[in-house]
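Heads up: the structure comes next, in structure tokens.
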Amino acid sequence: MRILNKINYLSFFLFFLFSFSIYSQSTGKFKVTLDAGHGAHDFGAVYHGHIEKNITLGIVLKVGKILEANPNIEVNYTRKTDVFIELVERSSIANRVDSNIFVSIHCNANKNTSADGCETYVMGLNKNASNLAVAKSENAVITLEKDYKQKYEGFDPNNPSSMIGLTLMQEEYLENSISLASKIQDQFAGLNRKSRGVKQAPFMVLHKAYMPRVLIETGFISNPTEGAMLDSENGQQDIAQAIANAIISYKKEYFGSSSSDIIEKPSKKMAQEPIKETPAIAKEESDPEKEASKNESDVIIFRVQIAAANKKLDLTPSNFKGLSNVQSTTDNGQLYKYTYGETSDYAIAKKNLEEARAKGYSSAYLIAFKNGKKISVQEALK
């Protein structure tokens, strides 16, 4: 009897641990890493008495304070004081805490002091001259680091395009990064700020961050009027609220919403033509479930978004870490999106997502379609 009681107690204890583990995983927080550009002896841009390193830190701390009020969001910082952090260490901080997104905040500058407006960058190899000029300015900080030539494997900060050769593993975050960047620009537009749009450029601070990541140029410190706004408490608070709103909106769309996801100032969405999801390549195998669904009305389909790239790949398992049943769609041939699995059962969709992440697609997420039109997962579940 005593042995039986011990067995029962042990079984109960193991069940409790298992249940607690499952509960902990299901209540995991959305992790955000905030990066205040420059710091210490790296002043960044300095115009009209306004110093970039101070402005970026002020904005980051305000964004962090807003997000920290949400119990479902965990905020990490690359710096909270006036210290120098190497570029590669900034992304490493985000990687170590397994952050869901990485947001680097900066101020722009131009010899033309009338230049104004805000823009948000994603990691990319666009060779637009103005984009490369911004990347060159932000990447120049690595020359302040010891042994930077060895540390950055010969990367030339004066030639940002020397970063060419990114892998699909890094490109898989592109679509999510663009989504986050678009939300940020939409929020800025809601503040009646001049939006210079979402752009691509090769930033070293984004290069080694293995998650959706963006670099925000909050405005031109070289513009007397905009510089004064950036250096003011009210200006920084408005910018911080806009960025926080965008992050919360991104969390709600891709990671689910909660009662704590409060957006203080709704933005005025800029009108955009909806992107049509048109198949670029047929699936390798016929899917009976898909064929049957064609004759049904209001059909909801879930897929797992695993990657987005600028190149077209053969849909063979060897190209997707062993995953089969991969589909491809394209946005006018500019960006190829790769999805895994297809089902109308949400429980199966979640299992497909777990499988994709177990294969190494850590940034994979669910997407949903209703009658062939893309909708949010939250709308699909309703």
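The values are calculated or read from the model by the stated rules, or taken from the named source; none is laboratory data. Given the structure is predicted, the values throughout are model-derived calculations rather than measurements. When we count neighbours, we look across all protein chains shown, and the Cβ atoms used for this are built from the backbone with ideal geometry, even at glycine. The accessibility values were calculated without ligands, DNA or RNA, using every heavy atom of the protein model including side chains. Shrake-Rupley method; radii C 1.70, N 1.55, O 1.52, S 1.80 Å.
Taking residue 377 as the residue in question, decide whether it is closer than 23 Å to residue 101 by Cα and either open to solvent by 80 Å² or more (accessible area, probe 1.4 Å) or modelled with pLDDT of 85 or more (or both). Answer is no for this residue.
Reported count of residues in segment 84-122, each being outside any loop (DSSP other than H, G, I, E, B), closer than 16 Å to residue 45 by Cα and of a type in the set (Ser, Thr, Tyr), is 1. Taking the stated definitions as given, is residue 240 in a helix (DSSP H, G or I) and either under 20 Å from the mean Cα position of the chain (by Cα) or not aliphatic (A, V, I, L, M) (or both)? Against the criterion (in a helix (DSSP H, G or I) and either under 20 Å from the mean Cα position of the chain (by Cα) or not aliphatic (A, V, I, L, M) (or both)), residue 240 qualifies. Within segment 336-357, the set of residues being open to solvent by 50 Å² or more (accessible area, probe 1.4 Å) and more than 22 Å from residue 211 (Cα to Cα) comprises 344, 345, 346, 347, 348. Scanning segment 207-235 for residues that are closer than 25 Å to residue 72 by Cα and buried (at least 23 other Cβ atoms within 10 Å of the Cβ) yields 209, 212, 213, 214, 215, 216. When residues in segment 182-203 are screened for being open to solvent by less than 10 Å² (accessible area, probe 1.4 Å) and either closer than 20 Å to residue 98 by Cα or not in a helix (DSSP H, G or I) (or both), 3 of them pass. Among residues of segment 35-76 being part of a strand (DSSP E or B), more than 14 Å from residue 218 (Cα to Cα) and open to solvent by less than 40 Å² (accessible area, probe 1.4 Å), the one that is modelled with the lowest pLDDT is 42.
Here is a yes/no grid of residues against (1) in contact (Cβ under 8 Å) with a residue 40 or more places away in the chain; (2) of a type in the set (D, E, K, R); (3) open to solvent by 10 Å² or more (accessible area, probe 1.4 Å):
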| site | (1), (2), (3) |
| --- | --- |
| 82 | yes, yes, yes |
| 89 | no, yes, yes |
| 98 | yes, yes, yes |
| 105 | yes, no, no |
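If only residues of segment 358-373 that are closer than 17 Å to residue 307 by Cα, at pLDDT 80 or above and not in a loop (DSSP other than H, G, I, E, B) are counted, the one that is most open to solvent (accessible area, probe 1.4 Å) is 358.
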